[in-house]
Amino acid sequence: MENNFPAIYNDCARILVSQQEIAAICDRMAAEITDTYKDSNRRLVMVVILKGSMPFASELMKRLDLPLELEFMKVSSYGSGTTSAGRINIVLDLHRGDLANVDIIVIEDIIDSGRTLSYLVEYLKLGGANSVKTCTMLDKPSRREVEFVPDYVGTVVPNEFVVGFGLDYNEKYRNLPFIGVLARHVYEK
């Protein structure tokens, strides 16, 4: 990274997805989602998985040419490490009595093992949602531990630890305007 960037930029080994690429991905995905739901007679509910998905959801929803409602869920599977703990904890749940009348699109920052979104899709379907689709900015299929294919994918990334644009390591780096590969010396101390 260049020396005139803030110190946190220097913790990235390289930029994986630039700001311009993020904008293009959001444009493409919004067009795909709009096309899917434009003729639906049900309400569309965007369920944003906190915290990492917020920047992506914000950029995506600005581009959607649809009426939509916004909800949040907070799900934990990582803790403070670099790999999933293997268990899903719903920290903030979705509480609605009208799920049978809505189509849900779950917005996630990255799919790694697939466990979290696989679990959430079933959880929301069992809760009575009319339909549940998934949308992720990043997909890392090389790390998949369960059979899961998201409905909308921004881009596929290699098996490297990525940060920025909402993605974090120990709650840091979320504010980077790009997605970068975190330098190994940062997390292999």
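The values are calculated or read from the model by the stated rules, or taken from the named source; none is laboratory data. What you see is a predicted model, and the numbers here were worked out from it, not measured in a lab. Quick reminder, even Gly has a Cβ in these numbers, built from the backbone with ideal geometry, and neighbours come from all protein chains shown. These accessible areas exclude ligands, DNA and RNA; they are computed on the full protein's heavy atoms, side chains included. Shrake-Rupley method; radii C 1.70, N 1.55, O 1.52, S 1.80 Å.
Tabulated values for the structure
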item	result
Calculated [θ] (222 nm, deg cm²/dmol) that DSSP helices of n ≥ 4 give over the chain, each run adding -39,500 (n - 2.57)	-7500 deg cm²/dmol
Share of carbon and sulfur in the accessible heavy-atom surface of the chain [1.4 Å probe, %]	48 percent
Separation of alpha-carbon centers, the range 129-185 and the range 33-69, rounded to whole Å	18 Å
Estimated inter-spin distance, residue 7 and residue 35, nm [label 7 Å along Cα→Cβ]	4.7 nm
Other-chain or far-sequence residues with amide H under 5 Å of residue 139's (modelled H)	111, 155, 156, 157
About the Cα centre, charge dipole magnitude for the chain (Lys/Arg +1, Asp/Glu -1 at Cβ), debye	320 debye
Per-peptide average of other Cβ atoms within 10 Å, ordering 155-165, 111-121 highest first	111-121, 155-165
Using θ = phi - 60° and Karplus 6.51 cos²θ - 1.76 cosθ + 1.60, couplings along the range 135-145 (whole Hz; Gly, Pro as x)	9, 10, 5, 10, 10, 10, x, 5, 9, 4, 10
